[in-house]
Each structure stands twice: as C-alpha cells, then as structure tokens.
C-alpha cells in the first residue's frame, strides 16, 4: 500500500533540494542475501540497490550501515532520522514506524535437514519439536512467541541458525525461501540437504522509518520509490536478484483495485483432491489452491459444486477457475491451463470376484453397463471413443453403490480417487478390483477463456514457485501422494 498522506510537493522537493537537508538519515540494514549483504567490502543486494538509487535521486549521501538486526531495530525504535531495511510490515508493527515500499515479497517456512524425515502438518506439530532456530527480534520470532511457542532458540544471525540446524542442535529453522538456499551455498552446503516441512507466512518488506522523523521526509522517500516504479527502474533492479513471485505488484489506481472482479473458484466433492471436511473445502488440490491465494493475498472463494455445474460455469462465465480438471486434447482450447497439480491413471473397476477381464477398450464396449460421472473427463473420453454403454450419475458415491449392488458391471475411476471415493460412500475399497487401466492423465486448474490471460500466467508462476520451494512436496506428504508413482495409502 502506498503512503497516502497528502502534502505539498513544494515543501518536499524545492526546500530540500535547494537548501540542503537539516538532518541526514541514518540508513541501516543487515546481512540477509539476496536482499542486502556485503560483497567485496561493498553493501549490495536487491533492496540495497533500490534504496541506493532512491538516495541518489534525492541528493542524499549513500552511507548505508550494516549492523546486526537487533541493534538496527533498537535504533529504529528509539532514534529520529533512522531508516531500517528490509523490515517486514505486520499489523503489530504498523503504528510503530513509517513505511516506504514495498521492496519485495518473501515467503517463510520451517526448514529441516532432509535426513531427519520430519513431517509437520500444523503449527502445533512445530511446538512439539525439540528446538526451532529463529532470528533475534525478527518478526517471525515475535509472531511465534505471540502464538505460545516455548521452544525457540534465538540467534544473532541467520548463519548461526543455519549452523545450529546442520549440527543437529535444533530441529527446525524458520527462514525465507530465497535466504535459505543462499546461506547454505555461502557455507559450502548443498541447499538440497534442507527441505521445507511446513510453510509459515508471506510478508512484504519495506524501508521502515522511525516515527520521530518528519513526515515530509517519509513522503519524499515514497514519492521517489513510486517514480522508480513508473519509469521501470524498480523492476529492472529487482529482476537482477529476485524471481517474479518475490517482486511486489504496485497498483497506484485505488479505484481499479477496488473494482477488480473477484475470481470464482469451483471444485467438486472428489477426495483426496477436493472434498468437504466439517463444512469446508479441503484436500490435496484445495491446499495447493489456497497456498496460491495466500501468496497473492486474495480471498478464499473456493466453492464445492456438482462437477457438471462447475464445468458449465468454467465454459461460459468470466473470472472462473475449476479444479482439478483433466487436461485432454479435446478440452485444450476450451480453457486456460495452470498445472499440473497431480497425475492419475484411469481404469475400470469391478466388484471383487467378478469374472470380467479385458485387455482393450474395445472389449470394454461389450460390457452391458459402465458407471460414469456426468460430464467428467473419463466419460467424455469414452464417449469420444464410441462407447454406447455408459450410465451417468451425478455423484460417484452412487456409482459405488450401483456397482456393489450389481446395477452396473464396471465403474470408471482412477488410482488417485478410487479408494477415497469408495470410503466416502461408506464401503471398503477392498471390495473392488481394477480390471483394466487405460489412460494416464495430468490434472490442472482450468481457467475460463473469459478470464484475463495475465491472471492464469500469474497463477502458473506461483504454482511453479510452490513446487520449487518445497511447499508442494510437503502437501504431497500430507496426503500420501507420490508424484513419481501411483497414489499410495
């Protein structure tokens, strides 16, 4: 959010540029690559270069000091004319400082040694480990303390936290996705030795200015940054150091931001990808979509509807996304695709003990009745192959019941869904057997063609990031899904 206080530009620019500054700012940062760090005796990094260019344009001296975070934070709290970067902007800190930015977006999580094989599903799980390395007076440490964590091992630098983790002195390290890899490489370690076991939160980082600093100075800083955004300098500097997902979106048109249509997200009741749990959408794919929404700071608008209804809305309405949708050649031009979320193998299932056997789709055409899910990709595929023996149902639980009662001879499902769907119908998956597997497909988020292309592209970038930073692997472990094999229980 941009600084909104209105003041005459003459007071900001003319008097300061012509007469000089009565007080110089003390600019403080810490060692936190790739945002701010020392290389060959010079302070550099994405945020440092942005701040340095701001100072140059304002005619202020470039005298950036590198101090331990706790010391710099104390100066920010107690002294006038102090600016500290990069500082996470949180509700708890909002009224303590003035804010200039944002400079970047960062995603934090709990990291463990891969060899430890730790599995965490909630913050309560994190409270039960032996110790968690945190950074003294850092916002993440403050948040954990406020949430009742008693097992924090505070360090004066991220490098110290890394060393504690690798030596086994702590079980977890709470840090950001970019900094983890950079510090590991600094210390000659392979970043792949670490894994994200639980995502935490995302923050936007700013240049924080002490409250006793005149407001006009803060406005000049923000105006200079906005000028750099408009002329492309901010993006040019940021792209030298950061991936797209860590570069903030600036929106100076407040009306446009308010009027921007909300994306409508639809899914179906089809575990383990998506289902209802205590009245709320849940599941493997839901967790992925929620993580993308969280990182974009967008509202959770996920609604569970019958598949046929969701499919129709995604075909006809603007600003609609449907998941999880099998990506098929015949559907390719009907949607914009973001994914893949997971892979599944389609198959015919029969009641265990039946004599039905087959080696081809042509043999399946000779079966009397095959249960399918209305407008599902598997039904569409079989119809396109000339199947005339399909019996559609609005719910897969109905197909399970019909199969076990002998009302249909086969049911079309997948290795990813079948066990969960049978349990959801109140039956034992062991009562069914796979007769013939006929296709392997990838499932995606399908965006309606009337949704802006930029929206789909942005979602793909966030999904790619989730896969790269370990969040996707964590969700896979939670649902016992192994991308390299069939789904396992």
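The values are calculated or read from the model by the stated rules, or taken from the named source; none is laboratory data. It should be emphasised that the depicted structure is a prediction, and the values quoted were computed from it without experimental measurement. Quick reminder, even Gly has a Cβ in these numbers, built from the backbone with ideal geometry, and neighbours come from all protein chains shown.
Observations
- Failed condition for residue 352, given (1) touching a residue at least 60 places away in the same chain (Cβ under 8 Å); (2) over 30 Å from residue 459 (Cα atoms); (3) surrounded by 15 or more Cβ atoms within 10 Å (Cβ to Cβ): (3)
- Filtered residue count, region 154-172, keeping only those that are modelled with pLDDT of 95 or more and part of a strand (DSSP E or B): 1
- Single unsatisfied condition, residue 158 versus (1) more than 22 Å from the chain's Cα centre (by Cα); (2) closer than 23 Å to residue 104 by Cα; (3) in the same structural domain as residue 84 (by TED's automatic domain parsing): (3)
- Residue in region 175-186 that is more than 21 Å from residue 45 (Cβ to Cβ) and buried (at least 19 other Cβ atoms within 10 Å of the Cβ) present: no
- Taking (1) crowded, with 18+ Cβ neighbours inside 10 Å; (2) more than 19 Å from residue 360 (Cα to Cα) in turn, residue 382 satisfies each apart from (2).
- Looking across region 438-477 at every residue that is in contact with a helix residue (DSSP H, G or I) (Cβ under 9 Å, 6 or more places away or on another chain) and in a strand (DSSP E or B), the one that is surrounded by the fewest Cβ atoms within 10 Å (Cβ to Cβ) is identified as 439.
For every residue, the table says whether it meets (1) outside any loop (DSSP other than H, G, I, E, B); (2) in the same structural domain as residue 455 (by TED's automatic domain parsing); (3) touching a residue at least 60 places away in the same chain (Cβ under 8 Å).
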| position | (1), (2), (3) |
| --- | --- |
| 346 | yes, yes, yes |
| 367 | no, yes, no |
| 375 | no, yes, yes |
| 380 | yes, yes, no |
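- Entirely in region 180-288, the helices (runs of 4 or more DSSP H) that have 2 or more residues that are at negative phi and at pLDDT 85 or above: 215-230, 233-241
- Residue in region 151-162 that is out of contact with any helix residue (DSSP H, G or I) (no Cβ under 6 Å at 6 or more places or on another chain) and more than 20 Å from residue 69 (Cα to Cα) present: yes
- Residue among 455, 441, 435 that is more than 25 Å from the chain's Cα centre (by Cα) and either closer than 21 Å to residue 323 by Cα or touching a residue at least 40 places away in the same chain (Cβ under 8 Å) (or both): 435
- Test for residue 338: is it over 22 Å from residue 482 (Cα atoms) and either out of contact with any strand residue (DSSP E or B) (no Cβ under 8 Å at 6 or more places or on another chain) or modelled with pLDDT of 90 or more (or both): no
- Residue in region 450-471 that is in contact with a strand residue (DSSP E or B) (Cβ under 8 Å, 6 or more places away or on another chain) and at positive phi present: yes
- Qualifying residues in region 404-420 (those that are over 35 Å from the mean Cα position of the chain (by Cα) and assigned to a strand (DSSP E or B)) - the one nearest to residue 368 (Cα to Cα): 410
- Residues satisfying the stated conditions in region 87-104, i.e. out of contact with any strand residue (DSSP E or B) (no Cβ under 6 Å at 6 or more places or on another chain) and either surrounded by 15 or more Cβ atoms within 10 Å (Cβ to Cβ) or not assigned by TED's automatic domain parsing to the domain that holds residue 65 (or both): 90, 93
- In the set (1) within 25 Å of residue 64 (Cα to Cα); (2) in contact (Cβ under 8 Å) with a residue 40 or more places away in the chain; (3) surrounded by fewer than 22 Cβ atoms within 10 Å (Cβ to Cβ), the condition left unmet by residue 84 is number (3).
- The single condition among (1) under 23 Å from residue 178 (Cα atoms); (2) in the same structural domain as residue 93 (by TED's automatic domain parsing); (3) crowded, with 22+ Cβ neighbours inside 10 Å that residue 220 does not satisfy is (1).
- All told, residue 279 meets the bar of being free of Cβ contacts under 8 Å to residues at least 24 places away in the same chain, over 23 Å from the mean Cα position of the chain (by Cα) and over 20 Å from residue 471 (Cβ atoms).
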